[in-house]
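Okay, structure first, notes after.
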Amino acid sequence: MADRVTVVGGGLAGCEAAWQLARCGIGVDLYEMRPVRMTEAHRTDRLAELVCSNSFRNASLETAVGCLKEEMRRLGSLVLTVAERTSVPAGACLAVDRHLFAAEVTRAIAEHPHVRLHRRELEALPDGVAIIATGPLTSPPLSAALERLCGAAHLYFYDAIAPIVARESIDMEIAYKASRYAKGGDDYINCPMTRETYYAFVDAVLAAEKVPAKQFERTVYFEGCMPIEEMARRGRDTLAFGPMRPVGLIDPRTGARPFAVVQLRQDDVEGRLFNMVGFQTKLTYPEQRRVLRMIPGLAAAEFVRLGSLHRNTFVDSPNVLMPTLQLRMARTTFLAGQIIGVEGYVESAAAGLLAGINAARLVAGAQLVTPPATTALGSLLAYVTHRGRRDFQPMNANYGLFPPIAGRGRGREKKLKLAERALADFDRWAEAEGVSGQLRPRMEARVLPAASP
Ligand SMILES: Cc1cc2nc3c(=O)[nH]c(=O)nc-3n(C[C@H](O)[C@H](O)[C@H](O)COP(=O)(O)OP(=O)(O)OC[C@H]3O[C@@H](n4cnc5c(N)ncnc54)[C@H](O)[C@@H]3O)c2cc1C
């Protein structure tokens, strides 16, 4: 096995992966195409540039993304360390000075003696052990190479995400289970609407604030999935003839067909999460929470993911990726970051962290690892790599992905219990597998010496 690893993409995932490898004493060739070739969203030549918000989201253990950050901290994450060092006041969130953050990550990577930084676009998949972390805006030649390797059906170029709701927050006194024309059992949850509630909902959708589409995104939106607000704009009845059509969905309580219906389809094997069928949207997040809670049965809905639409290159992970982040068809090639179908800065960096650890272990001849499904990282990877999942769409860390915990408890209390279990299991796993900071040197001893910079 070669003693160097190629990392393609110097974003959040690629930098985290390179850092983890370099810490293990492994030589890294990191390829970043900027500034020679820019993406549509990046503006600088810095590594780990944050393309939009400067927030790494909530920092408390009451949120799964807070728990994920704590797990990353325990594994010595570069992204998290630098984020904390360059943080700016942001209430319960961890937000950073984006310029300082990117500058510090760039310096840490570029000055590391085990890393060679190449400012060049890679157009083909590299030989040897490699991590592909080229993100949602992967350059077209490399996308084509991935498409050839994985199969055209397993690479996507944009996502149209419909919101996902926690099952327990749906009011089943109002919603009912049924499939259209009773075909396929009671698989769907249906939220019935009267004429009045439907038109009030459509008016609210039309009036709600939307996230403006970036120029480069406009052409991709309407090829496939159309956002609900665009359908509503085309006519007040369009939704009732589209995703909200009520045909074949008799409400058992009234014995009649509602005027319109919002359908929710099971999204996870355990039946804890339900996605809103055909409800991809670019309403702003606060507006989604407000407007979607007007739907009968969803007044107290807990959204584990909100809707969005944007250009996004990502693979069909349930079919092509192993939980260790190796490609099933090329096991010396790892994928990391948003390209695996996780959503968000923190999730992308966390995937890079695990890919770096596993690539290091592959080089060292050690067994590859995945955190348990009770942890924030483990539950996210279990979701994205769960074999057989159809209609795969990107996901961010959320407590809905965690296996339920015994005993009662709701809301904040339940979330803190999930976090407590996650961190205890995470520590046990890290200790047993030798992936914590202290245990790492055991493995380093078996790694070939790094080439000089
Ligand atoms: C427009 C937009 C806005 C977003 N806003 C947010 C947000 O506000 N908050 C949030 O949490 N998430 C956001 N995301 C989602 C996601 O978290 C980020 O895109 C995140 O940066 C992904 O990390 P990454 O490392 O996978 O990819 P990136 O950070 O994009 O890094 C990939 C790197 O690979 C390089 N590259 C691409 N192709 C090649 C090649 N062939 N050869 C060499 N280098 C290559 C790129 O130049 C880039 O530097 C946004 C995504 C997009 C597209």
- Query: Would it be correct to say that residue 397 is in a loop (DSSP other than H, G, I, E, B) and either buried (at least 20 other Cβ atoms within 10 Å of the Cβ) or in contact (Cβ under 8 Å) with a residue 60 or more places away in the chain (or both)?
  - Reply: yes
- Message: Among the residues that make up segment 374-387, is at least one of them surrounded by fewer than 21 Cβ atoms within 10 Å (Cβ to Cβ) and without any contact (Cβ under 8 Å) to a residue 24 or more places away in the chain?
- Response: no
- Task: Name the single residue, out of those in segment 118-165 being surrounded by fewer than 20 Cβ atoms within 10 Å (Cβ to Cβ), aliphatic (A, V, I, L, M) and not in a loop (DSSP other than H, G, I, E, B), that is farthest from the ligand (Cβ to nearest atom).
- Result: 153
- Message: For segment 287-305, give me each residue that is open to solvent by 10 Å² or more (accessible area, probe 1.4 Å) and touching a residue at least 40 places away in the same chain (Cβ under 8 Å).
- Response: 287, 290, 294, 296, 299, 300, 302, 303, 304, 305
- Message: Residue pairs, Cβ under 9 Å, 6 or more apart or interchain, first in segment 34-48 and over 23 Å from residue 158 (Cα atoms), second among the polar types (S, T, N, Q) and assigned to a loop (DSSP other than H, G, I, E, B). List them.
- Response: 35/44
- Query: Given segment 33-113, what helices (runs of 4 or more DSSP H) lie entirely inside it while holding 3 or more residues that are within 20 Å of the chain's Cα centre (by Cα)?
  - Reply: 64-74, 78-85
- With respect to residue 360, determine if the residue is free of Cβ contacts under 8 Å to residues at least 24 places away in the same chain and small (Gly, Ala, Ser). no
- Restricting to strands (runs of 3 or more DSSP E) lying wholly in segment 228-347: which have 3 or more residues that are modelled with pLDDT of 95 or more? 260-266, 330-335
- So, in segment 11-32, of the ones that are in a loop (DSSP other than H, G, I, E, B) and near the ligand (Cβ under 9 Å from one of its atoms), which residue ends up nearest to residue 129 (Cα to Cα)? 32
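The values are calculated or read from the model by the stated rules, or taken from the named source; none is laboratory data. Computed from a prediction, not measured in an experiment: that's the story for all the values here. All Cβ positions, glycine included, derive from the backbone under ideal geometry; neighbour counts span all protein chains shown. The accessibility values were calculated without ligands, DNA or RNA, using every heavy atom of the protein model including side chains. Shrake-Rupley method; radii C 1.70, N 1.55, O 1.52, S 1.80 Å.
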